[in-house]
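Asks: Sharing a structure here in structure tokens format.
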Amino acid sequence: MSTVAIVGAGYVGVPLAHVFAGAGHTVMLVDVQADRIEQLNRGESYIEDVPSAELQKHLDAGLLSATTDYDELRSADAILVALPTPLSEQREPDLTILLDATKEIAPRLQQGQLVVLESTTYPGTTRERVGPLLETSGLKAGEGFHLAFSPERVDPGREDWTTKTTPKVVGGLTPECTRRAVELYASAVDEVIEVSSPEAAELTKLLENIFRSVNIALVNELAQLCDRMNLDTWEVVDAAATKPFGFMRFEPGPGLGGHCLPVDPFYLSWKARQFDFYTEFIELAGKVNQNMPYFCRSLISQAMNHGAQRSLSGSKVLVLGVAYKADVSDTRESPALKLIELLRKGGAEVAYHDPHVPKLPALGLESQPLEPGTYDCVTIVTAHSSVDYEQLVEDAKLVVDFRNATGRTGRVDGKVWKL
């Protein structure tokens, strides 16, 4: 078995470490955040998909360790890089974290080591940005060390498809790079899909998420039209989904969230401009999805005016659910954060309840008890399964439901307003 080093102990790195340790590899997690490292070495998991008991089992078996010391990479057979690749304030790719880490890896790179980038990025990053930085070690990519790209496909909270069971796409700089990477992943995950190059693998990941972004934008736009036509969007989507072919169900919502969907389309749009090509379809979808928190703020205001005869300004509004998806604690790019900001700008007194997210330090808020009757309006942004929505409707004065969690018929049903 190999010694596998994983740079980045987050939503991707920790589940990946769990899978490789479970396959019998010796795994070391490297991260600059000392508090994370201390937690991991105590057997305390902060990633919901990896229980602390599983982590402790790997620690006890001597198959897992965590460190802030990049020098430990020298002893690894493979180095997997799983770091954030966010957008800049100008909505352009920001590879700062990734490239800074690559600069730390380079002087420690050893002859024959395999380096695989897992971070979502635009086509050309592995070959044009990561490779040259690693070659400052004096070793040549494809000869002195092996280099490949294999995109993470993590969906936090999902149990049917995990890091182990989700097929792994791999593309190397050379055929031998690909072979080495395929061999490594095949020893730990159920299925490996080989592609011709890192660029093909990089674009594969972007296509997967852009597909979702574009289709979600379509139903989000439909929801705005249904609002004007006084039609129930959810009834229409439910009916369309009965067609057994040629239709795939997507649902509207208050906006995109998570580590991929709000970011990935802009990576491809930015890269496409270097080829004098403008991804108008993708950018239009981004525009529609980014507008959804604004539309939802307007819908709350409309519901309060007509359903409660109150202005948004001065009213008490409870945002129910601030994680970006149901039953997880991940708030990255959550549309709830933007909606809270917009409601505050509208003069509302905003609180939130989320059983998975105790605090929102950036907004200076803590999760409040679920007491719907004490608010002028409760808006369902994330539909956690632990909430009794029937009781919520009974207790609340007004409900604005962006997730169809209440299951009410019609766009407006008594005191329930739906997206």
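The values are calculated or read from the model by the stated rules, or taken from the named source; none is laboratory data. Predicted, not measured: the structure shown is a model, and the values here were computed from it. In this analysis, Cβ positions are derived from the backbone assuming ideal geometry, glycine residues included, and neighbour counts consider all displayed protein chains. We work out accessible area using only protein heavy atoms, side chains counted, and drop any ligands, DNA or RNA first. Shrake-Rupley method; radii C 1.70, N 1.55, O 1.52, S 1.80 Å.
Asks: Does any residue in region 157-177 that is within 21 Å of ALA323 (Cβ to Cβ) and open to solvent by 50 Å² or more (accessible area, probe 1.4 Å) come within less than 9 Å, Cβ to Cβ, of a residue that is part of a helix (DSSP H, G or I) and of a type outside the set (Lys, Arg) six or more places away or on a different chain, and which pairs are these?
Replies: THR162/PRO15; THR162/VAL19
Asks: Looking at (1) of a type outside the set (Ser, Thr, Tyr); (2) open to solvent by 10 Å² or more (accessible area, probe 1.4 Å); (3) under 19 Å from the mean Cα position of the chain (by Cα), which is the only condition VAL322 fails?
Replies: Of (1) of a type outside the set (Ser, Thr, Tyr); (2) open to solvent by 10 Å² or more (accessible area, probe 1.4 Å); (3) under 19 Å from the mean Cα position of the chain (by Cα), only one is false for VAL322: (2).
Asks: Next question, about the same structure. Could we say that VAL14 is surrounded by 20 or more Cβ atoms within 10 Å (Cβ to Cβ), among the hydrophobic types (A, V, I, L, M, F, W, C) and either more than 26 Å from VAL263 (Cβ to Cβ) or touching a helix residue (DSSP H, G or I) at 6+ places or on another chain (Cβ under 7 Å) (or both) here?
Replies: no
Asks: THR102: closer than 21 Å to ALA17 by Cβ, surrounded by 15 or more Cβ atoms within 10 Å (Cβ to Cβ) and in contact with a helix residue (DSSP H, G or I) (Cβ under 6 Å, 6 or more places away or on another chain), yes or no?
Replies: Here the answer is yes, as THR102 does meet what is asked.
Asks: I've got another one for you. Do any residues in region 300-329 that are on the phi < 0 side of the Ramachandran plot have Cβ atoms under 9 Å from those of residues that are among the acidic types (Asp, Glu) and open to solvent by less than 10 Å² (accessible area, probe 1.4 Å), where the two are at least six apart or on different chains, and which pairs are they?
Replies: VAL319/ASP354; LEU320/ASP354; VAL322/ASP354; ALA323/ASP330; ALA323/ASP354; TYR324/ASP330; SER329/ASP354
Asks: Here's a follow-up. Would you check which residues across region 372-396 are closer than 24 Å to TYR294 by Cβ and open to solvent by 10 Å² or more (accessible area, probe 1.4 Å) and list them?
Replies: Within region 372-396, TYR375, ASP376, ALA383 meet the criteria.
Asks: If you scan region 234-271, which residues turn out to be within 30 Å of LEU87 (Cβ to Cβ), modelled with pLDDT of 95 or more and either assigned to a helix (DSSP H, G or I) or open to solvent by 40 Å² or more (accessible area, probe 1.4 Å) (or both)?
Replies: Residues satisfying the conditions are VAL237, MET248, ARG249, GLU251.
Asks: Has region 347-358 got any residue that is among the aromatic types (Phe, Trp, Tyr), touching a residue at least 24 places away in the same chain (Cβ under 8 Å) and either open to solvent by 50 Å² or more (accessible area, probe 1.4 Å) or part of a loop (DSSP other than H, G, I, E, B) (or both)?
Replies: For region 347-358, residues among the aromatic types (Phe, Trp, Tyr), touching a residue at least 24 places away in the same chain (Cβ under 8 Å) and either open to solvent by 50 Å² or more (accessible area, probe 1.4 Å) or part of a loop (DSSP other than H, G, I, E, B) (or both): absent.
Asks: Among the residues of region 183-203, is any farther than 29 Å from GLU128 by Cα, surrounded by 17 or more Cβ atoms within 10 Å (Cβ to Cβ) and touching a residue at least 12 places away in the same chain (Cβ under 8 Å)?
Replies: no
Asks: Restricting to region 368-379, name every residue that is part of a loop (DSSP other than H, G, I, E, B) and either in contact with a Lys or Arg (Cβ under 7 Å, 6 or more places away or on another chain) or among the hydrophobic types (A, V, I, L, M, F, W, C) (or both).
Replies: If the condition is that a residue be part of a loop (DSSP other than H, G, I, E, B) and either in contact with a Lys or Arg (Cβ under 7 Å, 6 or more places away or on another chain) or among the hydrophobic types (A, V, I, L, M, F, W, C) (or both), then LEU370, TYR375, ASP376 are the ones that fit.
Asks: Find the residue count for region 359-371, including only residues that are surrounded by 15 or more Cβ atoms within 10 Å (Cβ to Cβ) and of a type in the set (S, T, N, Q).
Replies: 1
Asks: Identify all residues within region 380-415 that are at pLDDT 95 or above, in a strand (DSSP E or B) and among the aliphatic types (A, V, I, L, M); write none if there are none.
Replies: ILE380, VAL399, VAL400 - these are the residues of region 380-415 that are at pLDDT 95 or above, in a strand (DSSP E or B) and among the aliphatic types (A, V, I, L, M).
Asks: Is it fair to say MET292 is outside any loop (DSSP other than H, G, I, E, B), open to solvent by less than 30 Å² (accessible area, probe 1.4 Å) and at pLDDT below 95?
Replies: Criteria not met by MET292.
Asks: Having 3 or more residues that are closer than 25 Å to LEU133 by Cα and either among the basic types (Lys, Arg) or under 24 Å from the mean Cα position of the chain (by Cα) (or both) is the bar; report the strands (runs of 3 or more DSSP E) wholly within region 1-98 that clear it.
Replies: Correct list: 3-7, 26-30, 78-81.
Asks: Give the residue that is surrounded by the fewest Cβ atoms within 10 Å (Cβ to Cβ), with candidates limited to residues of region 28-71 that are of a type in the set (Asp, Glu) and either closer than 25 Å to ALA326 by Cβ or touching a Leu at 6+ places or on another chain (Cβ under 6 Å) (or both).
Replies: GLU44
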